[in-house]
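Chemist: The structure is given below, and queries will be raised subsequently.
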C-alpha cells in the first residue's frame, strides 16, 4: 500500500516538474513558426568577432528591427522573405502582421510600422494624406479566369466575366458556348484573391452571385472546377495546371509575360510602402527583396517577379 | 496507515480536479464565445440575426453589410435530417445484426471495419465526396441546376461519418438486454425476427434513441467534410424544380460552414457575427442533447 502511495507521489512530482520544465523549452521552438523571425545570435559577439560572416556586416547594427503590417495576400510572401533574410542576417528582427491593405498604408504613413504592405495600387487620396510615401512594387499577382476543360469557350470579355459572376449571364450559349447552364465557383467572402477579383472585375456595386459554389481555398476551387462540367472560376496564376483551362480576357492570354507588359487586365501589384526614403536595415531588406535572391523567392511562391 | 489515508485523500482531490477541469473548460469556452458574440447581437439584434436570410459581409463597406443566418439554420436542419434519415436505419440495422444475428466470423470482420470508419479523418471523407460522390450525384439526377454539390452529397457523407457513433451505442444497448427476455420470447414460439422487433428493440429503445440523438449532435457539429461538398452558397435553399424533393439537390451553407468560411479574414462585426453563429450552434446542440436526456430518463422511469 505504502509503496503504491509513494509511486503515485513520485509520479505527481514528475508531472509537476515536467509541466514546469516544458514551458521554457517549447517557447523558443514555437517562435520561429510564427510571423516573428527572432534574433538568434547575441549581438555583442558579432561586433567583437571580426572573422564572422562578412556579408552580415552590410547591415548597420543600430535599429535592426523591421515591422511590416498590411495586406493578408502579401503577408505569407513577406514572411518567407523575412525568414530568408534573417537567416543570412541573424541580428535583424522582422515582424510581419496582417490587417489589410488600407491598414498597411495607414500604418506606414502614421509611422506605426516601418513598412506597409498593400496588394493593390496606392490610391490617390492616400498619397495626398501621406505625400512623402515611397512605393516599392515587389511582385505582381495575376488572376486568371478558368473554366472546366470541356467548356468550348476560349475567350471572354471583362464585361462578360463580370456579368457571369454577377449571375446575369447564366447560360454558356449567351457567350458563344453550348446551351448549358453556367456554374459559378468562387472563393469565400474575405479572401484576398476574391477581394482583388471583385475590385478589378466586379467593381464596387456588383456582387458575386449567392448561387455560386463557394470553396475556402484555391486548391479546392481548382478541384471543384475540374470535376464540374460547365463551371467557371478565378484563380491566382500560381494555381493554373492541366486539369483546368484559362480563357483569354479581352483577347489577352493569362501569361506572366502579358501580366508584366501590362496587357492582361486582371493583374495587381504587391506593394511595400515606406514613409520617406527608407534607410538602414529597412533599405537593406527592400534592396534584397528587389535583388536576385528576393525575386527568386517571389517566383517560388507563385507570384510574378518584377525584375 | 495514516499515510495511506492521506494518499487516498490526495488522489480523490486530484481526480476531482481532473473532472472539474472539463467542466471549467466548457464554461470558459461558452463564456468566451458569448462575450465575442455580444457586439454582433447588440448591433444586429437577435431576431434580425436569426431570421434574416441574407448574409453579405462587406469588409470595406460596413454600412451596407448584412448579417443574417436564417438560411444557414435552415440548411443545417436539412442536412442533419438527411444524414439521420440515411444513417439511423443503416446504423441501427447494423447494430441489430452485430448484436443478434452475426456469427462470430462475420462479427470479426464487420466490427473492425466500423472502428476503421471512425478513424478515417474528416477531410478524407470530404475529398471522396468532392471528387467521386458529387460527380456521381450530378450524373444520377438529371435535374437542371444540380451540380452534385449540395445537401444530398453532404447528407450521404455525414451519414457515413455518424455510423460508428450510432452502431457502437446501439449495439451496446441491444447487448445489455437481459438474455431472459430473448429466451422467454423464443420459448413462446416466436421467430427470431419477431423476437427482435417485438422484444429486443423495444427493450433497448432508450439506448437506441440516445445513439441516434448523439448522431444528430455529431452531424450538426461536423464541419470539414461537409464544407467540401455542400457548395456553401449563401442563398436561402429552395427546391430546384417544382418537385419539393429537389431541395436536397440544392446548395446551401450550414452554421459550422459559415464559421470556417469566414474566420480566416473576418474583422469587427463580421468576426463577432461568426462567434454569434457559434452561439446559435451551441444552443441548438444543447437543446438536442437535453432532449436526449429527457427521452432516456422518461423511458427509464416507465421501466422500458
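The values are calculated or read from the model by the stated rules, or taken from the named source; none is laboratory data. Worth saying up front: this structure is predicted, and the values here are computed from it rather than measured. Cβ sites come from the backbone with ideal geometry, for glycine too, and all protein chains shown count toward neighbours.
Chemist: Please find, among A:232, A:208, the residue that is more than 8 Å from chain B (Cβ to nearest Cβ), assigned to a loop (DSSP other than H, G, I, E, B) and surrounded by 18 or more Cβ atoms within 10 Å (Cβ to Cβ). So that I can check it myself, show each step before the final result.
Modeler: Numbers: A:232 fails: assigned to a loop (DSSP other than H, G, I, E, B).
Just a single option satisfies the conditions, and that option is A:208.
Chemist: Residue by residue through the stretch A:253-307, note down the ones that are touching a residue at least 60 places away in the same chain (Cβ under 8 Å), in a loop (DSSP other than H, G, I, E, B) and surrounded by fewer than 21 Cβ atoms within 10 Å (Cβ to Cβ).
Modeler: Hits for the stretch A:253-307 are A:265, A:276, A:277, A:278, A:301, A:302, A:305, A:306.
Chemist: Restricting attention to the stretch A:237-252, which residues are touching a residue at least 40 places away in the same chain (Cβ under 8 Å) and either exposed (fewer than 15 other Cβ atoms within 10 Å of the Cβ) or assigned to a helix (DSSP H, G or I) (or both)?
Modeler: Of the stretch A:237-252, the ones touching a residue at least 40 places away in the same chain (Cβ under 8 Å) are A:237-240, A:243-251.
Of everything in the stretch A:237-252, those that are touching a residue at least 40 places away in the same chain (Cβ under 8 Å) and either exposed (fewer than 15 other Cβ atoms within 10 Å of the Cβ) or assigned to a helix (DSSP H, G or I) (or both) turn out to be A:237, A:238, A:239, A:243, A:251.
Chemist: Looking only at the stretch A:167-184, count how many residues are crowded, with 17+ Cβ neighbours inside 10 Å and over 18 Å from residue B:144 (Cβ atoms).
Modeler: Residues meeting the conditions: 1.
Chemist: Let me ask another. Return only the number of the condition from (1) outside any helix (DSSP H, G or I); (2) within 14 Å of another protein chain (Cβ to nearest Cβ) that residue B:135 does not satisfy.
Modeler: The failed condition is (1).
Chemist: Keeping to the stretch B:202-236, report how many residues are buried (at least 23 other Cβ atoms within 10 Å of the Cβ), touching a residue at least 60 places away in the same chain (Cβ under 8 Å) and within 14 Å of chain A (Cβ to nearest Cβ).
Modeler: Selection size over the stretch B:202-236: 8.
Chemist: Residues to consider are B:129, B:68; find the one that is without any contact (Cβ under 8 Å) to a residue 60 or more places away in the chain and in contact with a helix residue (DSSP H, G or I) (Cβ under 8 Å, 6 or more places away or on another chain).
Modeler: Numbers: B:129 fails: without any contact (Cβ under 8 Å) to a residue 60 or more places away in the chain.
The unique qualifying residue is B:68.
Chemist: Also, I was wondering about something else. Tell me whether the stretch B:277-286 contains one or more residues that are out of contact with any strand residue (DSSP E or B) (no Cβ under 7 Å at 6 or more places or on another chain), outside any helix (DSSP H, G or I) and within 14 Å of another protein chain (Cβ to nearest Cβ).
Modeler: Keep residues of the stretch B:277-286 that are out of contact with any strand residue (DSSP E or B) (no Cβ under 7 Å at 6 or more places or on another chain), which gives B:277-286.
This time we only want the ones that are outside any helix (DSSP H, G or I), so: none.
No, there is no match, as no residue in the stretch B:277-286 is out of contact with any strand residue (DSSP E or B) (no Cβ under 7 Å at 6 or more places or on another chain), outside any helix (DSSP H, G or I) and within 14 Å of another protein chain (Cβ to nearest Cβ).
Chemist: Consider the stretch A:152-184. How many of its residues are under 22 Å from residue A:263 (Cα atoms) and assigned to a strand (DSSP E or B)?
Modeler: Of the residues in that region, 2 qualify.
Chemist: Follow-up question, since we're still on this one. As an exercise: evaluate residue B:157 against (1) modelled with pLDDT under 95; (2) surrounded by 18 or more Cβ atoms within 10 Å (Cβ to Cβ); (3) touching a helix residue (DSSP H, G or I) at 6+ places or on another chain (Cβ under 6 Å) and give the number of the one condition it does not meet.
Modeler: For residue B:157, the failing item is (1).
Chemist: I'd like the full set of residues that are at the interface with chain B (Cβ under 10 Å from one of its Cβ atoms) and out of contact with any helix residue (DSSP H, G or I) (no Cβ under 8 Å at 6 or more places or on another chain), limited to the stretch A:182-199.
Modeler: Initial filter on the stretch A:182-199 (at the interface with chain B (Cβ under 10 Å from one of its Cβ atoms)): A:183-192, A:194-195, A:198-199.
Selection gives A:183, A:191, A:192, A:194, A:195, A:198, A:199.
Chemist: Separate question: Taking the stretch B:201-230 only, how many residues are within 19 Å of the chain's Cα centre (by Cα) and not in a helix (DSSP H, G or I)?
Modeler: Taking the stretch B:201-230 as the starting set, the residues that turn out to be within 19 Å of the chain's Cα centre (by Cα) are B:206-230.
Keeping just the survivors that are not in a helix (DSSP H, G or I) gives B:222-223.
Number of matching residues: 2.
Chemist: A further question on this structure: Select from the stretch B:99-123 the residues that are in contact (Cβ under 8 Å) with a residue 60 or more places away in the chain and within 23 Å of the chain's Cα centre (by Cα) and list them in ascending order.
Modeler: The initial filter retains those residues of the stretch B:99-123 that are in contact (Cβ under 8 Å) with a residue 60 or more places away in the chain, namely B:99-101, B:122-123.
Hits for the stretch B:99-123 are B:122, B:123.
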